[in-house]
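For reference, the structure discussed in these notes is given below.
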Amino acid sequence: MAQKVMLVDDASFMRMMLKNILVGSGYEVVGEAENGAKAVEQYKSLKPDLVMMDIIMPEMGGIDAVREIMKVNPSAKILMCSSMGQQSLVVEAIQAGAKDFIVKPFQPSNVLDAVKKALG
Amino acid sequence: MSDPTKLLTEFQLDALKEIGNVGSGNAATALSQMVGKRVDMSVTKVLVLPIDGIAGFLGGNDRNVAAVHMPVYGELPCTALIFFPLDRIPELCSMLIGRNDEDPFALSELGRSAVKELGSILTGAYLSALFRFVHLQLIHGVPGLVVDMAQAVLDTVLVELEQRDEVAIVIETEFLENDRALTGSFFLLPEAGSLQKFFSAFTRAMGLPGNA
């Protein structure tokens, strides 16, 4: 059965790019959210195997959303995906519970490697 | 602050240019990955401009431009603005989302999202270069897109920056794709007092002599 991925990014363009990469490699995109608050709500009902999470989003940013999702499921698998690759942000995301961090823009192979590793 | 070009010595401007070069290099790499083509760049210009000189720098008040703008938080609160020539927007959309019929003045939702994301990623590339050299934590917020005449775009953005310095830091680069140039102009519009803080941190981090 295909592993279920949820995409969280305020840019529909970026969700489309990620969806194309993932679906093309056999993953199922079960949900999309455009901010952290919607991501937390959708996570509860969709129970995806992996969440791909942007950081800079309106309403609730990605790092706060990671903290909220980890409260719901402490073994949640979340992969951060941001144009801001500064070390302090990466550390903060990992400390919040994210498994890994991809800096945008990305090559499809890098996304798939990181997804595979996170789902490992 | 009557003459903004006097804010930095020539030596300091050279050092700032190096930051601009690295930022533009990061941005060219990011752009290349996004459009799936090789992108080179020509010489980068770095300037300190008075705010009221920006529209002239872009080719005049009436020149139509597309601008992605976003707040920057952290140790140098400012607004980041990245301008693209309007006539290149349809082609950028074609490369980014595969649609050939985008009208820059009436972009589709996906077209707007693609141009905003491009601006956001290029801004991230420039801010990362600043962080690497100056060690100032800078994180940008959610991007917005305005398509209008240069002065109207500035008026829209400046209205959100209530207290600002009267100058902007500009990094201008020509990105070259297949011998065709795409000029990207990146502006930082500092909040009041931020610019001096930036120059102090910059001078310290680069080991440069301070301003006279």
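When the dipole is taken about the Cα centre of segment B:6-205, and only Lys, Arg (+1) and Asp, Glu (-1) are charged at their Cβ, what size is it in debye, to the nearest 20? Please report the intermediate quantities before stating the final value.
On the way: 15 positive and 25 negative charges, 117 e Å.
Roughly 560 debye for segment B:6-205.
Counting Cβ atoms of other protein chains within 10 Å of each Cβ in B:96-106 and taking the mean gives 1. Contact order for segment B:1-106, expressed relative to its length and based on alpha carbon pairs under 8 Å spaced 6+ residues apart, stands at 19 percent.
When the Cα positions of A:78, A:57, A:103 are compared along the charge dipole of segment A:4-119, A:78 comes out farthest toward the positive end, with charges on each C-beta of Lys, Arg, Asp and Glu. Taking amide H as placed 1.01 Å from N in the peptide plane, the amide H of residue A:60 sits under 5 Å from that of A:36, A:37, each at least 5 places away or on another chain. Taking the number of Cβ atoms within 10 Å of each Cβ as an exposure proxy, the fewest-first ranking of A:69, A:94 is A:94, A:69.
With 19 Å as the limit, write out which pairs from A:4/A:77; A:44/A:117; A:47/A:71; A:47/A:77; A:71/A:99 have Cα-Cα distances beyond it, or answer none. Kindly include the intermediate steps, with their values, before the conclusion.
Numbers: A:4/A:77 11 Å; A:44/A:117 23 Å; A:47/A:71 14 Å; A:47/A:77 11 Å; A:71/A:99 15 Å.
Flagged as over cut-off: A:44/A:117.
Take each residue of peptide A:8-19, count the partner chain Cβ atoms within 10 Å of its Cβ, and average: the result is 5. Evaluated with a Cβ-only charge set (Lys, Arg +1; Asp, Glu -1), segment A:1-79 carries a dipole of roughly 300 debye about its Cα centre, given to the nearest 20. Once the convex hull of all Cα atoms in the protein assembly as shown is built, its volume per residue stands at 133 Å³. For segment B:145-168 versus segment B:60-128, the spacing of their alpha-carbon centroids is 15 Å. Stokes-Einstein diffusion for segment B:101-212, with the hydrodynamic radius set to the Kirkwood value over Cα pairs and evaluated at 4 °C in a medium of 1.567 mPa s, equals 79 µm²/s. Once Rg and the Kirkwood radius are both taken over the C-alpha atoms of segment B:1-101, their ratio Rg/Rh works out to 1.00. Place +1 on the Cβ of every Lys and Arg and -1 on the Cβ of every Asp and Glu in segment A:4-119, take the dipole about the Cα centre, and give the residue among A:69, A:88, A:13 whose Cα lies farthest towards its positive end. With unit charges placed on the Cβ atoms, the residue in question is A:69.
Remark: relative contact order (segment A:4-119) = 23 percent; criterion is Cα-Cα distance under 8 angstrom and separation of 6 or more residues. This model, with +1 at the C-beta of Lys and Arg and -1 at the C-beta of Asp and Glu, gives the protein assembly as shown a dipole about its Cα centre of some 1240 debye.
Per-peptide packing, taken as the mean over residues of other Cβ atoms within 10 Å, places B:118-125, A:100-107, B:164-171 in the sequence B:118-125, B:164-171, A:100-107 from highest down. Number of Lys-Lys pairs in chain B with C-alpha atoms under 27 Å apart and a separation of 8 or more places or on different chains: 11.
Using only the Cα atoms, work out Rg/Rh for segment A:4-119, with Rh taken as the Kirkwood radius, to two decimals.
Using only Cα positions, Rg/Rh for segment A:4-119 is 0.91.
Distance distribution note for chain B: the fraction of Cα pairs above 27 angstrom is 27%.
Values in this text are rule-based calculations from the coordinates and carry no lab data. A quick note: this is a predicted structure, and the numbers were derived from the prediction, not measured. FYI the Cβ positions are ideal-geometry reconstructions off the backbone, even for glycines, and counts take in every protein chain you see.
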